Amino acid sequence: MMDRQLVMVLAALVFAGGCMPNPAATRPEWRRLARTPAELGLAADTVSFVTVDSLRLRAWWLPATTPPARATVVLAHGSGTNRAGMLPRAAFIVAAGYDALAVDLRAHGESEGEYMSPGWREADDIRAAVAWLRARDAALPIVVLGHSYGAVAALHAGRDSALAAVIADAPFKSYDAMIRNASAAAKNDPRVTRGQRFGMAMVRVPGIRHLMAWHLSRSAGRVPADSAPASFAVTQLRVPALFIAGERDAIAIAPDVRQLHDSAAAPVRVYVELVGATHRTHGDAREQYEREVLAFIQAVLSAAPQR
């Protein structure tokens, strides 16, 4: 069955993209940091940097438990959450000897911005994070790990050959595919309310979906319909890429993630399907997830020229 909270997040994404004049203001849960690094025993500093479209973003800089770090991993969250949601991933990354930078993407957490896109504009947020890291240490390899729409942003950022690699954790192939999959899952889940089911069904109507896309393109800064989806981003990849799918994910369904992997122009591409996992990939299959991510990062760093 589909996670009810996820349905609510998706419904928020749907209506924020097409109907709300100021979704960040109307979705306070996007802003609320549900936990702190200290609660997970992590050391962290709050940092900030500015995007090319003049938005100031906030992030947590989390140093490796055993310095010096071998690389830095930029963490990009999914829609309707923020950097706090990536702390469990940050915990195993810093314990493995890597620095982490957990970013609040635009219109989420403590970052500026009133609107989100389905990952295309958020690639600029990742690029701003990478620029901040380069100013800190120009030589340290950088890996970007994004979840859900953060994974779409990571794939767009993967057009930069200066990155060491990208990890696309449950990326949706396109906005339409995400809506189609979510509404189908909601239709068969008894925990979803009638109002939520109605909202998800409405966005399947072509005219309404096209109107939403028009609103989204205006609010998110002229998002190009042809080059915004992950299905386009993978054709432009210039760095090694790991694609993670949940076996039971109803949003970024495994066949779609596999198709993204198969279409990727990455010099190295790896596909991993997490047994029994839903869209909550790390939470549902923690041991397999962490093993595969760390093995991929280690393989990428081992194959790269030494500093």
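Read-outs: derived from the displayed coordinates by stated rules, not from any lab. Bear in mind the structure is a predicted one, so any value in this text is a computation, not a measurement. Note that we place each Cβ from the backbone using ideal geometry, even for glycine, and neighbour counts take in every protein chain shown.
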Could you give the length gained on full extension between ASP160 and ALA43, defined as 0.36 nm per residue of separation minus the Cα-Cα distance, in nm? 39.2 nm
Given R₀ = 22 Å, FRET efficiency for ARG136-GLU110 by Cβ-Cβ distance, to 0.05? 0.65
If the chain between THR235 and ARG291 were fully stretched, how many nm would it gain, using 0.36 nm times the residue separation less the Cα-Cα distance? 17.5 nm
Subtracting the Cα-Cα distance from 0.36 nm times the residue separation, let me have the gained length for VAL275 to LEU301 in nm, one decimal. 6.7 nm
Between ALA34 and ARG56, what's the calculated FRET efficiency when r is the beta-carbon distance and R0 is 25 Å? Round to 0.05. 0.70
